[in-house]
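Since the structure comes first, as structure tokens, the remarks are kept for the end.
The values are calculated or read from the model by the stated rules, or taken from the named source; none is laboratory data. What you see is a predicted model; the values in this text were computed from it and never measured. Cβ sites come from the backbone with ideal geometry, for glycine too, and all protein chains shown count toward neighbours.
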């Protein structure tokens with residue numbers, strides 16, 4: 001996904017100097033990209049990431065913040081995971097790192113959601129949590145009906161913790177399960193823009209919002225054009241039906257039609273596309289549209305009554321199939 005790649009490239013370049021934000025982002029990346037594993041009966045921390053750049057940055061942060069030496073491995077894609085990815089592993093000192101980051105609690109139990117210190121942190125820390133989660137497993141689709149910012153989560157508890165962090169940032173996010181995988185989803189266009197901006201992808205947020213607005217304007221124009229076309233079609237069909245009925249009425253009544261009704265009927269036939277108001281202006285002397293409409297109605301009613309008495313087709317029979325009165 002080009003958009004997802006753009007967002008991750010921009011977020012990977014964000015460097016919040018605050019220690020708590022750096023810890024929040026790194027812990028979130030570890031939690032949403034793999035987390036804890038058991039290797040040779042030892043607790044290991046592992047993150048599987050899509051880009052070499054991000055993997056190297058995570059490895060560098062582990063060294064700078066926690067003083068551990070991670071192993072960086074390039075893994076070829078197989079099975080459900082397509083494409084190559086990069087694994088950052090900490091085996092020696094993995095349990096200590098897991099405790100320090102909060103991925104293990106004091107009883108050596110894996111934390112199902114997110115460490116409490118992250119979800120109760122400052123706004124900058126919450127934004128860093130979201131930035132780390134998106135870098136680890138986020139996707140962004142293009143604006144449109146199915147537009148969404150999604151983050152795949154390792155557990156439903158982690159999803160709920162991320163939703164809580166989003167709400168504290170003022171972002172309406174929801175947790176859902178798709179094909180057995182817990183996800184956090186942001187669908188509203190303005191909320192997606194706000195989420196991108198909060199995480200630090202200001203450039204992508206602006207570009208995404210501009211693209212969304214252009215598509216909304218285009219969709220609005222298309223709706224108006226379609227609406228106008230439909231109105232024109234209905235107007236044309238109504239004009240055809242009205243003229244067909246008037247012609248049949250004059251034919252049925254022949255010499256029996258009153259002169260003022262004949263004039264109204266002939267006026268309708270002479271100006272087939274004109275509105276009733278316009279027909280009134282063409283009359284001599286001018287008539288109101290209500291007067292024109294009333295005379296045409298009386299003309300049709302008189303003709304239909306005579307057709308019923310004579311046992312012949314009425315004015316409705318002259319309306320072409322598909323035309324509406």
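If I ask for residues that are within 21 Å of residue 189 (Cβ to Cβ) and touching a helix residue (DSSP H, G or I) at 6+ places or on another chain (Cβ under 7 Å), which ones from the range 149-164 would you list? It would help to see each step written out before you state the result.
Taking the range 149-164 and keeping what is within 21 Å of residue 189 (Cβ to Cβ), we get 149-151, 162-163.
Scanning the range 149-164 gives 149, 151, 162.
Let me confirm something: among 21, 47, which residue is closer than 13 Å to residue 103 by Cβ and assigned by TED's automatic domain parsing to the domain that holds residue 130?
Details: 21 fails: closer than 13 Å to residue 103 by Cβ.
It is 47.
Looking only at residues in the range 32-47 that are outside any helix (DSSP H, G or I) and within 36 Å of the chain's Cα centre (by Cα), which one is farthest from residue 84 (Cα to Cα)? Outline the logic, then answer.
First pass over the range 32-47, keeping only residues outside any helix (DSSP H, G or I): 33-47.
If we keep only those that are within 36 Å of the chain's Cα centre (by Cα) too, we end up with 33-36, 46-47.
Values: 33: 14, 34: 16, 35: 19, 36: 21, 46: 16, 47: 14 Å.
Only one residue fits best here, namely 36.
Tell me which strands (runs of 3 or more DSSP E) are completely within the range 143-201 and hold 2 or more residues being at pLDDT below 90 and under 21 Å from residue 113 (Cβ atoms), or say none if there are none.
Details: elements: 149-152, 174-178, 181-186.
Qualifying strands (runs of 3 or more DSSP E): 174-178.
Of (1) under 18 Å from residue 238 (Cα atoms); (2) under 51 Å from the mean Cα position of the chain (by Cα); (3) without any contact (Cβ under 8 Å) to a residue 60 or more places away in the chain, residue 281 satisfies all except one. Which?
Of everything listed in (1) under 18 Å from residue 238 (Cα atoms); (2) under 51 Å from the mean Cα position of the chain (by Cα); (3) without any contact (Cβ under 8 Å) to a residue 60 or more places away in the chain, residue 281 misses just condition (1).
Checking the condition more than 30 Å from residue 194 (Cβ to Cβ), at pLDDT 85 or above and in contact with a strand residue (DSSP E or B) (Cβ under 7 Å, 6 or more places away or on another chain), which residue from 64, 48, 95 passes? If you could, list the steps in order and put the result at the bottom.
Values: 64 fails: in contact with a strand residue (DSSP E or B) (Cβ under 7 Å, 6 or more places away or on another chain); 48 fails: more than 30 Å from residue 194 (Cβ to Cβ).
Residue meeting the stated conditions: 95.
Take the conditions closer than 30 Å to residue 194 by Cβ, in the same structural domain as residue 132 (by TED's automatic domain parsing) and outside any helix (DSSP H, G or I) and apply them to residue 10. Does it pass? Show your work before the answer.
On the way: closer than 30 Å to residue 194 by Cβ: yes; in the same structural domain as residue 132 (by TED's automatic domain parsing): yes; outside any helix (DSSP H, G or I): no.
No; evaluated as a whole, the condition is false for this residue.
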